[in-house]
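One structure is given below, encoded as structure tokens.
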Amino acid sequence: MNRQSILATAAALGVAVCANAGTGWTNTVGGAQRFHDPANWDEGDVNGVFPAEWTPAAATTIQLTNDWAGSLSFLGSIAKDTTFAGRNAQNLRDESRTITLDRDLLIRPTASAGKLIFNATVGLDLGGGERSFETYSPSSADKFRVNGPITNGDLVLAGNGAGMTLVGAAAVSGDVSIGPNTTLALNWATAGSTVRRADDIELRRATLSAAAYRGNDTAEFGALTISGRDAPGASILSINPGNYVATVHADSLSITNGGTLAVMTTTLGAAEAPSSQLVLDEAFFGHCGLGADESNAYVV
């Protein structure tokens, strides 16, 4: 009986199956490669595992010519930028594709000199429930960049000094909870953008970072909750306006379980650019009169 038959039989019997180390994506050449091509996978099994042995020699674009459902785990060395891109069936032009996750997404690379990127043509479907993105990269949130929509569920972002960057109009259609020592960064692609990045958002000794892009940019959320339920310590809201105005707008703010919110920025509440604002239900909230020669931090 071959490996695929064994897996199929085990699945039919309800037996949990763990992939052997080294199984999964085998192409390390780089360049444009098709996700659904069996030649790129150990024994032709397209299973979404990028194993510990995976070390791309050059930047790689992984092309999805169809939607796909399954799990994704990145366990090797993201030595070069690795980008997922949607393509039409003939692989002739860009086309929107969706990856539907049937379990949590795991990013635990041995190294991450490059970035892991899902471009704007690739949507991530959370499968109708709560999914975790476990981003245990030894580097920053900028190393994991999502440009497309995250839909059909709530997201838990976990990590250890890492996290995720939502780029352009990328957003989560449900709620987001950010775990300890983890960062959700927000970047815009066009000037003057207002993007609802998620419904309710919870920070659990975590960081939410927003940066303006060539104009007045706003990130909108539902309820903003600052929770101390995992560990003592402050959650950080970092607003970086550059030479412009950056605003984080939440419908409400609640602080629970001994949580603390530290707002860190430049020129918080200034009337002119550059300036930063945390707006709660259309009412300005900040440290009134905070100027460039003061500490530019406010703790709630």
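The values are calculated or read from the model by the stated rules, or taken from the named source; none is laboratory data. Source: prediction; values computed, not measured. Because the Cβ atoms are built from the backbone with ideal geometry, glycine has one as well, and the counts that use them run over all protein chains shown.
Could you please give the count of residues in segment 214-243 that are closer than 12 Å to Trp188 by Cβ and in contact with a strand residue (DSSP E or B) (Cβ under 7 Å, 6 or more places away or on another chain)? Please lay out each step first, then the result.
Our first condition is that a residue be closer than 12 Å to Trp188 by Cβ; within segment 214-243, this holds for 214-219, 240-242.
In the following step, the residues that additionally are in contact with a strand residue (DSSP E or B) (Cβ under 7 Å, 6 or more places away or on another chain) were identified as 216-219, 240-242.
Result for segment 214-243: 7.
Output the residues belonging to segment 149-169 that are of a type in the set (A, V, I, L, M, F, W, C) and out of contact with any Ser or Thr (no Cβ under 8 Å at 6 or more places or on another chain).
As a first pass, look at segment 149-169 and keep what is of a type in the set (A, V, I, L, M, F, W, C): 150, 155-158, 162, 164, 166-167, 169.
Those that are of a type in the set (A, V, I, L, M, F, W, C) and out of contact with any Ser or Thr (no Cβ under 8 Å at 6 or more places or on another chain): Leu166, Val167.
Among residues belonging to segment 91-139 that are surrounded by fewer than 18 Cβ atoms within 10 Å (Cβ to Cβ) and among the acidic types (Asp, Glu), point out the one that is nearest to Met164 (Cα to Cα).
Out of the qualifying residues, it is Asp104.
State yes or no: is Asp125 touching a residue at least 24 places away in the same chain (Cβ under 8 Å), closer than 25 Å to Thr218 by Cβ and acidic (Asp, Glu)? Steps first, answer last, please.
Working: touching a residue at least 24 places away in the same chain (Cβ under 8 Å): yes; closer than 25 Å to Thr218 by Cβ: no; acidic (Asp, Glu): yes.
When the stated conditions are applied, Asp125 does not pass them.
Answer yes if at least one residue in segment 166-189 is outside any loop (DSSP other than H, G, I, E, B) and farther than 23 Å from Leu105 by Cβ, and no otherwise.
Initial filter on segment 166-189 (outside any loop (DSSP other than H, G, I, E, B)): 166, 172, 176-178, 183-186.
Next cut, farther than 23 Å from Leu105 by Cβ only: none.
The answer is no, given that none of the residues of segment 166-189 is outside any loop (DSSP other than H, G, I, E, B) and farther than 23 Å from Leu105 by Cβ.
Any residue at all in segment 132-143 that's basic (Lys, Arg), part of a loop (DSSP other than H, G, I, E, B) and either closer than 30 Å to Ala231 by Cα or modelled with pLDDT under 95 (or both)? Even if it seems obvious, please write down each step before you answer.
To start, the set of residues in segment 132-143 that are basic (Lys, Arg) comprises 143.
If we keep only those that are part of a loop (DSSP other than H, G, I, E, B) too, we end up with none.
Looking for residues that are basic (Lys, Arg), part of a loop (DSSP other than H, G, I, E, B) and either closer than 30 Å to Ala231 by Cα or modelled with pLDDT under 95 (or both), one finds none in segment 132-143, hence no.
For segment 134-164, give me the residue count where each residue is of a type in the set (Ser, Thr, Tyr) and either touching a residue at least 60 places away in the same chain (Cβ under 8 Å) or within 19 Å of Leu101 (Cα to Cα) (or both).
Step one: of segment 134-164, the residues of a type in the set (Ser, Thr, Tyr) are 135-137, 139-140, 151.
Right, trim to either touching a residue at least 60 places away in the same chain (Cβ under 8 Å) or within 19 Å of Leu101 (Cα to Cα) (or both) and you get 135-136, 151.
Here the count works out to 3.
Among the residues of segment 62-79, are any closer than 23 Å to Ala189 by Cβ, in contact (Cβ under 8 Å) with a residue 60 or more places away in the chain and not in a loop (DSSP other than H, G, I, E, B)?
no
Output the number of the condition that Asn147 fails; it satisfies all remaining conditions of (1) under 27 Å from Thr225 (Cβ atoms); (2) at pLDDT below 95.
(2)
Applying the selection to segment 80-99, what residues are of a type in the set (D, E, K, R) and outside any loop (DSSP other than H, G, I, E, B)?
To start, the set of residues in segment 80-99 that are of a type in the set (D, E, K, R) comprises 80-81, 87, 93-95, 97.
Answer for segment 80-99, where residues must be of a type in the set (D, E, K, R) and outside any loop (DSSP other than H, G, I, E, B): Arg87, Asp94, Arg97.
State all residues of segment 231-255 that are at pLDDT below 85, within 21 Å of the chain's Cα centre (by Cα) and among the small types (Gly, Ala, Ser); if no residue qualifies, say none.
The one that is at pLDDT below 85, within 21 Å of the chain's Cα centre (by Cα) and among the small types (Gly, Ala, Ser): Ala246.
If His287 satisfies every condition in (1) at pLDDT below 85; (2) surrounded by 15 or more Cβ atoms within 10 Å (Cβ to Cβ); (3) under 24 Å from Leu166 (Cβ atoms) but one, which is the exception?
If we test His287 against (1) at pLDDT below 85; (2) surrounded by 15 or more Cβ atoms within 10 Å (Cβ to Cβ); (3) under 24 Å from Leu166 (Cβ atoms), just (3) comes out false.
Of (1) under 22 Å from Gly168 (Cα atoms); (2) modelled with pLDDT under 90, Glu220 satisfies all except one. Which?
(2)
Tell me, yes or no, whether segment 251-268 has at least one residue that is out of contact with any His (no Cβ under 8 Å at 6 or more places or on another chain), under 26 Å from Asn119 (Cα atoms) and either surrounded by fewer than 19 Cβ atoms within 10 Å (Cβ to Cβ) or aromatic (Phe, Trp, Tyr) (or both).
no
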